[in-house]
Amino acid sequence: MSFERVSQKDIAAKAGVHITTVSLALRDSPRLPLETRLRIRQLAEDMGYSPDPMLSALTAYRKSAKVSRYQGTLAWLHTIPRSEPDNLEYKEGAQSRCAELGYVLEEFHVADMSLPRISRVLRARNITGIFLPPQPGRLAHINFDWQNFSAISFGYSLARPRLHVVTNAQYRSVHIAIRAIRARGYRRIGFATVQATDVRTDRNFSSGYLAEQRRYNEKYSIPMFIYDDAADTRRKNFVKEFGAWYEAHKPDAILSLDGEISGALRELGIHPETCGHASLMTSPKGDLAGVYQNGPMIGRTAVDFLVGMIHRNERGIPAVPLYILVDSTWRDAPSLPDKRR
């Protein structure tokens, strides 16, 4: 059975407009009046129009095969003081992908100008896409002119507004880590993190740990060591509190999210042969085993999604935020010797 596909040329003839107008209307381009867009899209629906998937694939291939010329500028919006650390891997991945697609990534700091002024500058320069890197505090709120921009946030530290999010698959990261640690002969696996970090990550890591504990014999269950805030690591009794937890539960491995645990283990004289240590935020190099969150891939994925939003003319705070999760990869290192050997 065969049928004749309705083309954009057919719609243009019926509507009495140029085919370019039909193409813009079907992409909901703001270059056309809203009334024209709605009329042509309704006509296309009535005529039974649907995009040709083979033609769409060919168009996408042609675009990817070309050397990308300048497409525009995207904003990396810093709402934190310059003294606060930035996630360089996210930014490096985003810059790399922007260059491939023909975009320039430009940084804007609230330390240099107010948010209302940044909004005016972006609109004057026709910069419609914004990246929001992780916020320094937990549950941050940012008042901004969102309705004129496409925006995406990294991680869960931005509470308001609820934008689309790209981040590491944190719950799965614990799943990957626990199973890798067990596969290397460990059984009593403890978990340690800062309370503020637990909140900033929407408690995905601690939830993943509790879920993994339920999979195994109760004799291997260990209460989590969650200390109040980062300031606790500077208190004289921090190592003492950690040591008391360690002595009470005798873990043979510890999974942590924050770097202070490595120092505490060294200060207590606990070597990897006695208690292994793995991180949920390790780097591709170094002596600390654990999961690598693939930060550059997170940055690249954010660019792809944001560019798609711009092309679809999706502006403002989304009615239903989407969460795009990038998986981690495990890496071995001397901090977690393989007990099977």
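Give the residues of region 18-47 that are touching a helix residue (DSSP H, G or I) at 6+ places or on another chain (Cβ under 7 Å) and hydrophobic (A, V, I, L, M, F, W, C), sorted by residue number.
Passing the criteria: Ile19, Val22, Ala25, Leu26, Leu32, Ile40, Leu43, Ala44, Met47.
What pairs come out if I take residues in region 313-338 that are among the basic types (Lys, Arg) and pair them with residues that are at pLDDT 95 or above and assigned to a loop (DSSP other than H, G, I, E, B) whose C-beta lies under 7 Å away, six or more apart or interchain?
Arg315/Phe149
Check region 190-204 and report whether any residue there is of a type in the set (Val, Ile, Thr), within 28 Å of Tyr323 (Cα to Cα) and in a helix (DSSP H, G or I). Write out each step before concluding.
Within region 190-204, the first condition is being of a type in the set (Val, Ile, Thr), and the residues that meet it are 193-194, 197, 199, 201.
Okay, now just the ones that are also within 28 Å of Tyr323 (Cα to Cα), so 193-194, 197, 199, 201.
Right, trim to in a helix (DSSP H, G or I) and you get 197, 199.
Yes, region 190-204 has at least one match.
Can you tell me which residues in region 282-341 are farther than 30 Å from Ser262 by Cα, in contact with a Lys or Arg (Cβ under 9 Å, 6 or more places away or on another chain) and not β-branched (Val, Ile, Thr)?
Across region 282-341, the qualifying residues are Arg300, Ala302, Asp304, Met309, His311, Arg312, Asn313, Pro318, Pro321.
May I ask you to list the residues in region 265-278 that are more than 23 Å from Arg182 (Cβ to Cβ) and within 31 Å of the chain's Cα centre (by Cα)?
If we filter region 265-278 for residues that are more than 23 Å from Arg182 (Cβ to Cβ), which is where we start, we get 266-269.
None - no residue of region 265-278 is more than 23 Å from Arg182 (Cβ to Cβ) and within 31 Å of the chain's Cα centre (by Cα), so the list stays empty.
Keeping to region 107-126, report how many residues are among the β-branched types (Val, Ile, Thr) and part of a helix (DSSP H, G or I). Outline the logic, then answer.
Residues of region 107-126 among the β-branched types (Val, Ile, Thr): 110, 118, 121.
Then drop every residue that is not part of a helix (DSSP H, G or I), which leaves 118, 121.
Residues meeting the conditions: 2.
Residues of region 127-173 being outside any helix (DSSP H, G or I), within 21 Å of Gly295 (Cα to Cα) and of a type in the set (S, T, N, Q), which ones?
Gln135, Ser153, Ser157, Thr167, Asn168
Considering only residues that are of a type outside the set (A, V, I, L, M) and within 41 Å of the chain's Cα centre (by Cα), look in region 1-17 and name the one that is surrounded by the most Cβ atoms within 10 Å (Cβ to Cβ). Before the answer, list the steps.
The first filter runs over region 1-17 and keeps only residues of a type outside the set (A, V, I, L, M), leaving 2-5, 7-10, 14, 16.
With within 41 Å of the chain's Cα centre (by Cα) added as a condition, the list becomes 5, 7-9.
Values: Arg5: 12, Ser7: 15, Gln8: 19, Lys9: 10.
Across region 1-17, the extreme among qualifying residues is Gln8.
The values are calculated or read from the model by the stated rules, or taken from the named source; none is laboratory data. Note that this is a predicted model, so its numbers are computed, not measured. Counting neighbours? That spans all protein chains shown, and the Cβs are built from the backbone with ideal geometry, glycine included.
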